[in-house]
Amino acid sequence: MSAIVFLVAFLVVSLLGALVLWLRDRGPRSMEAHMKAFERELHALSPDAPLEPTRRRRPDRPDNPDRPAGRPGAPGARRSAAKPKPPAPRSSPARRPPRPRPGNARPG
C-alpha cells in the first residue's frame, strides 16, 4: 500500500511542477503584446547609425612596392617569368563517327 501512496504523491508533484512551468513560460496573447514584440525585433535589426560608404584603394597603387599591382590575372598586373601552364586535356575525346553495327556491315 505504501508503494501506491508514493506513486500517487510523485504524480501529483510532477503535475504541479509541469503546471507551474507552463504558466510561467506562456506568453501574452493580446494584439498589443504581439505588436510590441514585433517592434522590439525591428529595433534590434535596425542599424544604430547610418552606414557611411567605404573608400576603396586603387589597385594600381599598392601599399607594398614589392608586391605587383592589381590582382593576379588582371589586365594591368605584372606577370612572372614562368611559362603559362598548357590547357588541361579534355575529359571526353573528340566526337567520332558512329561505328557500323555487325549486322549492317557494308561489303567493301
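We did not get these values from a lab; they are worked out from the coordinates using the rules stated. The structure presented is a predicted model; accordingly, all values stated were derived computationally and were not measured.
Computed values, structure above
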| quantity | calculated |
| --- | --- |
| Karplus (6.51, -1.76, 1.60) ³J(HN,Hα), θ = phi - 60°, over region 10-15, in Hz, Gly and Pro reported as x | 5, 5, 5, 5, 5, 5 |
| Segment S30-A9, extension gain: residue separation times 0.36 nm, minus the distance between their alpha carbons | 3.9 nm |
